[in-house]
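Novice: Quick one: structure below, then a few questions.
The values are calculated or read from the model by the stated rules, or taken from the named source; none is laboratory data. Note that the coordinates shown come from a computational prediction; the quantities given were computed from them, not determined experimentally. All Cβ positions, glycine included, derive from the backbone under ideal geometry; neighbour counts span all protein chains shown.
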Amino acid sequence: MSTEIHNIELDFLTIGDYQELKDAMINAYQTMPNAYWGEHHIEKLLSVFPEGQVVLKVNGDIAGCALSIIIDHEEFDDQHTYKEITGNYTFDTHTYDGDILYGIDVFIKPEFRGLRLGRRLYEYRKELCEKLNLKGIAFGGRIPNYHKYAAELTPKEYIEKVRSREIHDPVLNFQLSNDFHPVKVLKGYLEGDEGSMEYAVLLRWDNIYYEKPSKRAKAIKKEIRLGLIQWQMRPYKDARDMMQQVEYFVDAVSGYKCDFALFPEFFNAPLMAEYNHLSEAEAIRRLAGYTEGLVQAFSKLSISYNINIITGSMPEVVDDVLYNAGYLCRRDGSIDRYEKLHVTPDEVKVWGMKGGNTLKTFDTDCGKIGVLICYDVEFPELSRLYAEEGMDILFVPFLTDTQNGYSRVRHCAQARAIENECFVAIAGSVGNLPNVHNMDIQYAQSMVFTPCDFSFPTNGIKSEATPNTEMILIADVETDLLRELHSFGAVRNLKDRRTDLFELKKH
């Protein structure tokens, strides 16, 4: 290109630009005679949707343009023509009550191609789509080189070969590189498009930030504050005394406007001191007798302090079977139960504990969450099933007595954050209980893990507590960053799974 570039500017199209726009379109569509919009067409677009019409200027002159309308996707079948989508070129199909930004036209003049200037027009469209809270962008993409292969390839086969880089198609290649995905082939889309044999590819870009309009007074939060309780094991006179300590921590994290409070596994173990004269199996069953009352106390705290509480875990007897279970006490007063599915050899041998059978995610006012108790986080299938259900945050209450036991939980939890593109919060207990059999010492360092990508800490650690010290850990996480990661991350662990080779099912 001989023109020296001094300035590139994206600007709104005005009717005063029309003659220059017309000349630019004639230049851009040299293989399609009379392929330009009349002045009355541009006037109509500017009157109904001015923010949808932009030009790219180089050194003050128009180098490219993007024209758009908003349509109601339900009014149009995916098999439509250009004439139908534009209302016979009247643009009467435009409606601000629609849900899709439809691309009417986009071009770059030949002398400015190869500089990736078209990306700027597409980025504007994406930003506009997000600003207007539309589901996505769609348009019929021409395939101008198809006429060279029409005798030997169907349009579908042609598209596949373009995607696999066996055939170069300048228009379709450009759309695919800008994160648009093919939806279907449109036959008879644009009259007179001989290069494409009047075929087009319906292309779509999905707005990952789209929020379905809600009649609720409060939307799901996207910026979430986590409060992790690194719990000190100490003697208590009774359950009431222990719950005073619990309330102290709930009050503290609520004072920092936390959305969640996470307690460790078996945080209530000190209450077994009263039964130390019994066998370990009998003592923990006595401890299970407190669980129902503790859950009700937690629920009252979640309501009065306006915070969602994950109660860690407690022993619970159901139909004479001993489980390790915990509860999600939401601030709206609702309660859900989760179970430890994989009990450790020690839990089986000493206490006669059984693994649970229920694995499910939970909806909250901060999105979908999952809970895995300690040993469960070392089984990657569980969190992957959660991820497939749309989990954003995985909470892991744990109890480990040695540093190597803690390391297993810690490193597996961090791996779950990376492979499932989610946040993982782990909270454990510290200190010792010399008067409780099988609960002698505890080792913990509570942490919040993130995926490892540019929007997150390079080491994947959002925040970490001081090891073996009673404290609270507070960390802010943004679920919108996960949406970006799912679609635009340097790697995409969820999308790139080889589901043609394997699958994971929940029984």
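Novice: Would you check which residues across region 293-336 are without any contact (Cβ under 8 Å) to a residue 12 or more places away in the chain and not hydroxyl-bearing (Ser, Thr, Tyr) and list them? Explain how you work it out, then say what you get.
Specialist: Filtering region 293-336 down to residues without any contact (Cβ under 8 Å) to a residue 12 or more places away in the chain leaves 296, 300, 304, 318-320, 334.
If the condition is that a residue be without any contact (Cβ under 8 Å) to a residue 12 or more places away in the chain and not hydroxyl-bearing (Ser, Thr, Tyr), then GLN296, LYS300, VAL318, ASP319, ASP320 are the ones that fit.
Novice: Identify all residues within region 217-231 that are surrounded by fewer than 18 Cβ atoms within 10 Å (Cβ to Cβ) and not aliphatic (A, V, I, L, M); write none if there are none. Write out each step before concluding.
Specialist: Quick first cut of region 217-231, residues surrounded by fewer than 18 Cβ atoms within 10 Å (Cβ to Cβ) only: 217-223, 225.
Answer for region 217-231, where residues must be surrounded by fewer than 18 Cβ atoms within 10 Å (Cβ to Cβ) and not aliphatic (A, V, I, L, M): LYS218, LYS221, LYS222, GLU223, ARG225.
Novice: Is it fair to say TYR305 is in the same structural domain as ARG384 (by TED's automatic domain parsing), at pLDDT below 95, surrounded by fewer than 23 Cβ atoms within 10 Å (Cβ to Cβ) and aromatic (Phe, Trp, Tyr)?
Specialist: Values: in the same structural domain as ARG384 (by TED's automatic domain parsing): yes; at pLDDT below 95: yes; surrounded by fewer than 23 Cβ atoms within 10 Å (Cβ to Cβ): yes; aromatic (Phe, Trp, Tyr): yes.
Yes, satisfied.
Novice: Note down all Cβ pairs under 8 Å where the first residue falls in region 66-93 and is modelled with pLDDT of 95 or more and aliphatic (A, V, I, L, M), the second is exposed (fewer than 13 other Cβ atoms within 10 Å of the Cβ) and not in a helix (DSSP H, G or I), and they're at least six residues apart or on different chains.
Specialist: ILE70/TYR96
Novice: Looking only at residues in region 259-299 that are under 31 Å from the mean Cα position of the chain (by Cα) and in a helix (DSSP H, G or I), which one is surrounded by the most Cβ atoms within 10 Å (Cβ to Cβ)?
Specialist: Among them, the one singled out is PHE298.
Novice: Could you identify the single residue in MET439, MET391, MET447 that is among the hydrophobic types (A, V, I, L, M, F, W, C) and either outside the structural domain of ALA261 (by TED's automatic domain parsing) or closer than 30 Å to LEU278 by Cβ (or both)?
Specialist: After ruling out the rest, the residue left standing is MET439.
Novice: On the given criteria, is LEU482 within 23 Å of GLU389 (Cβ to Cβ) and within 31 Å of the chain's Cα centre (by Cα)? Step through it out loud before you land on a result.
Specialist: Details: within 23 Å of GLU389 (Cβ to Cβ): yes; within 31 Å of the chain's Cα centre (by Cα): yes.
The answer is yes for LEU482.
Novice: For region 347-407, which fully contained strands (runs of 3 or more DSSP E) count at least 3 residues that are under 22 Å from LEU482 (Cβ atoms) and in contact with a helix residue (DSSP H, G or I) (Cβ under 9 Å, 6 or more places away or on another chain)? Even if it seems obvious, please write down each step before you answer.
Specialist: Details: elements: 362-364, 367-371, 393-397.
Output list reads 367-371, 393-397.
Novice: Taking ASP179 as the residue in question, decide whether it is acidic (Asp, Glu) and touching a Phe, Trp or Tyr at 6+ places or on another chain (Cβ under 8 Å). So that I can check it myself, show each step before the final result.
Specialist: Working: acidic (Asp, Glu): yes; touching a Phe, Trp or Tyr at 6+ places or on another chain (Cβ under 8 Å): yes.
So ASP179 passes the test.
Novice: Separate question: Run ASN432 past the list (1) closer than 26 Å to SER487 by Cβ; (2) in contact with a strand residue (DSSP E or B) (Cβ under 7 Å, 6 or more places away or on another chain); (3) polar (S, T, N, Q) and report the number of the one that doesn't hold.
Specialist: Among (1) closer than 26 Å to SER487 by Cβ; (2) in contact with a strand residue (DSSP E or B) (Cβ under 7 Å, 6 or more places away or on another chain); (3) polar (S, T, N, Q), the lone unmet condition for ASN432 is (1).
Novice: Give region 323-344 a look and list any residue that's assigned to a loop (DSSP other than H, G, I, E, B) and within 11 Å of ILE309 (Cβ to Cβ), or say none.
Specialist: Applying the first criterion (assigned to a loop (DSSP other than H, G, I, E, B)) to region 323-344 yields 330-334, 340-344.
Of everything in region 323-344, those that are assigned to a loop (DSSP other than H, G, I, E, B) and within 11 Å of ILE309 (Cβ to Cβ) turn out to be ARG330, ARG331.
Novice: Take the residues in region 416-447 that are within 34 Å of the chain's Cα centre (by Cα) and β-branched (Val, Ile, Thr), then tell me which one is surrounded by the fewest Cβ atoms within 10 Å (Cβ to Cβ). Show your work before the answer.
Specialist: If we filter region 416-447 for residues that are within 34 Å of the chain's Cα centre (by Cα), which is where we start, we get 416-430, 443-447.
Now narrow it down to the ones that are β-branched (Val, Ile, Thr): 418, 424, 426, 430.
Numbers: ILE418: 18, VAL424: 27, ILE426: 31, VAL430: 22.
Step by step, filter region 416-447, then rank; the result is ILE418.
Novice: Quickly run through region 156-167 and pick out the residues that are assigned to a helix (DSSP H, G or I), buried (at least 20 other Cβ atoms within 10 Å of the Cβ) and over 30 Å from the mean Cα position of the chain (by Cα). Before the answer, list the steps.
Specialist: Filtering region 156-167 for residues assigned to a helix (DSSP H, G or I) gives 156-163.
In the following step, the residues that additionally are buried (at least 20 other Cβ atoms within 10 Å of the Cβ) were identified as 158-159, 162.
Passing the criteria: only TYR158.
Novice: So which of ASN468, ASN493, ASN432 ends up being out of contact with any Lys or Arg (no Cβ under 7 Å at 6 or more places or on another chain), on the phi > 0 side of the Ramachandran plot and not aromatic (Phe, Trp, Tyr)?
Specialist: Values: ASN493 fails: on the phi > 0 side of the Ramachandran plot; ASN432 fails: on the phi > 0 side of the Ramachandran plot.
On inspection, the qualifying residue turns out to be ASN468.
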